[in-house]
1. Which one of these is on the phi > 0 side of the Ramachandran plot, without any contact (Cβ under 8 Å) to a residue 24 or more places away in the chain and under 15 Å from the mean Cα position of the chain (by Cα): Gly115, Gly42, Gly55?
2. Hand me the list of strands (runs of 3 or more DSSP E) wholly inside the stretch 15-110 holding 2 or more residues that are aromatic (Phe, Trp, Tyr) and in contact with a helix residue (DSSP H, G or I) (Cβ under 6 Å, 6 or more places away or on another chain).
3. When the stretch 33-48 is examined, which residues are found to be farther than 19 Å from Tyr79 by Cβ and open to solvent by less than 60 Å² (accessible area, probe 1.4 Å)?
4. How many of the residues making up the stretch 78-105 are closer than 21 Å to Thr28 by Cα and more than 11 Å from the chain's Cα centre (by Cα)?
5. Please go through the stretch 49-78 and pick out each residue that is open to solvent by 30 Å² or more (accessible area, probe 1.4 Å), at pLDDT 95 or above and of a type in the set (Ser, Thr, Tyr).
6. Tally up the residues in the stretch 19-33 that are touching a Phe, Trp or Tyr at 6+ places or on another chain (Cβ under 9 Å), more than 14 Å from Gly115 (Cβ to Cβ) and not aromatic (Phe, Trp, Tyr), please.
7. How many of the residues in the stretch 1-32 are at pLDDT below 95 and open to solvent by less than 20 Å² (accessible area, probe 1.4 Å)?
8. For the stretch 102-122, enumerate the residues that are touching a strand residue (DSSP E or B) at 6+ places or on another chain (Cβ under 7 Å) and of a type in the set (Phe, Trp, Tyr).
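The values are calculated or read from the model by the stated rules, or taken from the named source; none is laboratory data. It should be emphasised that the depicted structure is a prediction, and the values quoted were computed from it without experimental measurement. All Cβ positions, glycine included, derive from the backbone under ideal geometry; neighbour counts span all protein chains shown. These accessible areas exclude ligands, DNA and RNA; they are computed on the full protein's heavy atoms, side chains included. Shrake-Rupley method; radii C 1.70, N 1.55, O 1.52, S 1.80 Å.
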Amino acid sequence: QVQLVESGGGLVQAGGSLRLSCAASGRTFSNYAMGWFRQAPGKEREFVGAISWSGSTYYVDSVKGRFTISRDNAKNTVYLQMNSLKPDDTAVYYCAASVIYVALRGYEYNFWGPGTQVTVSS
């Protein structure tokens, strides 16, 4: 079992930055692919990005060049650095863990955090 807790959300103006953190329990964090998803009001959950066991990263086109995922296996933590934020980035952001090498789809993830709200004002 892996328990995930996100932090770092909040209110920011357009063009600003936030860094989300996701702390994981368990001793085998390095064996999980980690992903970030988001869900805006009235919309379906959307894949944002993922990082594999080895640190390879993948992003949805809408955040490429603005968001960066990283992981610190010693701290059992994955990060989502978000720059140049836009109002369209407003959503609840979730981190998730997958037992496979890399996961790009929600159904490939086994564990989910409760989410953290990110609001970008115009």
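1. Only one candidate qualifies: Gly55.
2. Those strands (runs of 3 or more DSSP E) do not exist here; none qualify.
3. Ala40
4. Going through the stretch 78-105 one residue at a time, the tally reaches 7.
5. Ser56, Thr57, Tyr58, Tyr59, Ser62, Thr68, Ser70 - these are the residues of the stretch 49-78 that are open to solvent by 30 Å² or more (accessible area, probe 1.4 Å), at pLDDT 95 or above and of a type in the set (Ser, Thr, Tyr).
6. Adding up the residues that qualify gives 6.
7. 2
8. Tyr109, Phe111, Trp112
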